[in-house]
1. Answer yes or no: is there a residue in the range A:146-167 that is surrounded by fewer than 19 Cβ atoms within 10 Å (Cβ to Cβ) and either closer than 14 Å to B:Leu57 by Cα or among the small types (Gly, Ala, Ser) (or both).
2. Is one or more of the residues making up the range B:318-340 out of contact with any helix residue (DSSP H, G or I) (no Cβ under 8 Å at 6 or more places or on another chain), buried (at least 16 other Cβ atoms within 10 Å of the Cβ) and assigned to a helix (DSSP H, G or I)?
3. Suppose we filter the range B:327-374 for residues that are touching an Asp or Glu at 6+ places or on another chain (Cβ under 8 Å) and among the β-branched types (Val, Ile, Thr); how many remain?
4. Spot the failing condition for A:Ala89; the list is (1) touching a Gly at 6+ places or on another chain (Cβ under 9 Å); (2) at pLDDT below 90, and only one is missed.
5. Looking at B:Asp292, B:Asp338, which one is within 14 Å of another protein chain (Cβ to nearest Cβ) and on the phi > 0 side of the Ramachandran plot?
6. Return the pair list, or none, for Cβ contacts closer than 6 Å from residues in the range A:55-73 that are within 13 Å of A:Phe168 (Cβ to Cβ) to residues that are surrounded by 15 or more Cβ atoms within 10 Å (Cβ to Cβ), at least 6 apart or on different chains.
7. Contact list please: Cβ distance under 6 Å, first residue in the range A:171-187 and more than 21 Å from A:Gly46 (Cβ to Cβ), second residue assigned to a helix (DSSP H, G or I) and aliphatic (A, V, I, L, M), pairs at least six apart or on different chains.
8. Are there any pairs with C-beta distances below 7 angstrom linking a residue in the range B:181-193 that is free of Cβ contacts under 8 Å to residues at least 60 places away in the same chain to a residue that is surrounded by 14 or more Cβ atoms within 10 Å (Cβ to Cβ) and not polar (S, T, N, Q), with the two at least 6 apart or on different chains, and if so which?
Amino acid sequence: MTPPAPVILEVRRIVNRFGGQVVHDGLDMQVYAQDVFGIVGASGAGKSVLLRTILGLQHPQSGAVLIGGRNLAQLSDAELRAVKADYGATFQAGALYSALTVLENVQFPMIEHLQLPAEARAELAMLKIRLVGLPADTAGKYPSQLSGGMVKRAALARALALDPQLLFLDEPTSGLDPISAAAFDGLLQQLHQQLRLTVVMITHDLDTIFRTCNRVGVIVDRRMEVDTLARIVDHPHPWIQAYFHGERARAREERDGA
Amino acid sequence: MTDYLAARRSADTLELRLRGEWRALRLKEIGAELTALDLTGVRRLVIATQDLALLDLSSAWRLREFIATAERVGAAVSFSGARPERLQILDDALARVAFQHPGAPAHESHIEPVTALGRHVVIMARDARAGLAFLGRVALTALAAAASPRRLRPIAIARHVYDTGVTAIPIVALIAFLISVIIAFLSAQQLQKFGAEIFVVDLVTIGVLRELGVLLTAIILAGRSGSAFAAEIGAMCLNEEVDALYATGADPFELLVLPRILGLMIALPLLTVIADVIGLAGGALLCRFLLDIPLTQYLHRVSESIGPMTFWVGVLKAPVFAVLIGLAGVYRGLQVRDSSRELGRLTTVAVVQSIFVVILADALFAVLFMEIGI
């Protein structure tokens, strides 16, 4: 194993409760610099709630989220704004601003956080659009004119607008055909290597996990089991066994073995 | 010596030591330091990157621009230490596709006003045709529903009567009360000069029953329910819920359009009656306390000034206004496509148009009633 990298994101004993329903009960999670960390769990296990908690969209009943060693709950508004400029996030359905073109969408975080002349901004935004593998003519299109795969890429370009060190992706390959999903995985790997990004992603896609992730956290029984990909597949928990060795996983192994 | 670089000039050589964290968030400061450098007469530019803690893509882009500028003035650029790999990534990415700025179309016509006018006319014509088609479909759906009452969706209609009618009672009552008090007060001031205070009652009665009760109620509902229809259906369009209805073989006109319009057609006349009653009560209150006309005399005068049709003239207009408001709201809602901005724009259009058509229709009614002598 490589020597431990610094912890870039830490979730400490998070408790999330909605009415009588406990979603997380003392959930711990650590992400090291340059990890590609996959969050896995059954539907309704609280993956999205966890991501929303980390992004500060949802306040946990107790526990803390630390990004770069700083507790988000204890930061002032200005400090929080600075932390937010330091990470990028994509949402499940893309969440592109529907009234803006792709180019304007990518420029949006720059307008908010950087004081740059308009041409420089446009050029940087075009750079990001090209970096995620979108053809240049997508820049002038509106989100409603894009295909599902393009929306995911455009959302990634927007998340990369400020050159974050940390990237959160919510189901980046859901709804894509296997070829597009594989292309997206390839893009993610390439960006991870080139830009030395730390990536935290929610995904159901076993292919994505095996192609891109080095560490995986599985939400089971309202907590998280975290380990390297190589070791988590042997975890004794029945759900984890079923997930990594169930019918779909076997089909995948056979396919890749053949 | 600055935050992001140290420059040393010797004869025709400029040596730049980059340092610190070059990141997008500091691009403005980095850019300022780079532009402050004097490149005149520089033959050799040496960039040292050993002290550089971080160079992200955006600042690498800025550095690349700077190198390009230096090369343009004739300097040979070299690196002491490694050439940052981010520059290589940029070279690769930028080499892949030439930069195309998606700006305005190159060709700008100088007969712009004429083109604009033509485009406007075409859009209006299309809009009118689409509006007509919409009316036709609503009418057909209504006819089909009338033939088989199950398709009238009574539960949905009841919900819309509640949403557009019952919840609007407080605001309609308040406005009717205030308006009748204002009319009574203004007319009392004028009529007192002639000693004709008693005619205040006539003015309030006829004004509220024939015109103001129904008109104000309609305008309130245009703002309340017309906008709600447009926004609700518009959001459903954005969310592909309307498409889902079509896909399951359900008719959105039957499920969304007709119940709203019928609900409003029931609610608006009832609200008009409430507005009439509260308006007359407001007039009574003012007459009692400002003009010392006792309630019995007020009621007597009201029944004298009221014609056989005065009340019905107001109430009969209500369903017509309801149809107009409902049609405008639903029609604009169904037009929402693609973006949240459209939703806002069309909701505004729905409200403005429904108020406009209500007032227009009221004017036409006035002419009509005058001609047939009611």
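The values are calculated or read from the model by the stated rules, or taken from the named source; none is laboratory data. Model, not experiment: these values are computed from the prediction. Virtual Cβ from ideal backbone geometry, glycine too; neighbours counted across all protein chains shown.
1. Yes, the range A:146-167 contains a residue that is surrounded by fewer than 19 Cβ atoms within 10 Å (Cβ to Cβ) and either closer than 14 Å to B:Leu57 by Cα or among the small types (Gly, Ala, Ser) (or both).
2. no
3. 1
4. For A:Ala89, the failing item is (1).
5. Answer to the check: B:Asp338.
6. Here the result reads A:Leu55/A:Ala89; A:Gly56/A:Leu72; A:Val65/A:Val11; A:Val65/A:Ile54; A:Val65/A:Leu72; A:Ile67/A:Leu9; A:Ile67/A:Val83, each pair linking the range A:55-73 to a residue that is surrounded by 15 or more Cβ atoms within 10 Å (Cβ to Cβ).
7. Filtered contacts from the range A:171-187: no entries.
8. Listed by first residue and then by second, the contacts come to B:Ser187/B:Val200; B:Ser187/B:Leu203; B:Leu191/B:Glu197; B:Leu191/B:Phe199; B:Leu191/B:Val200.
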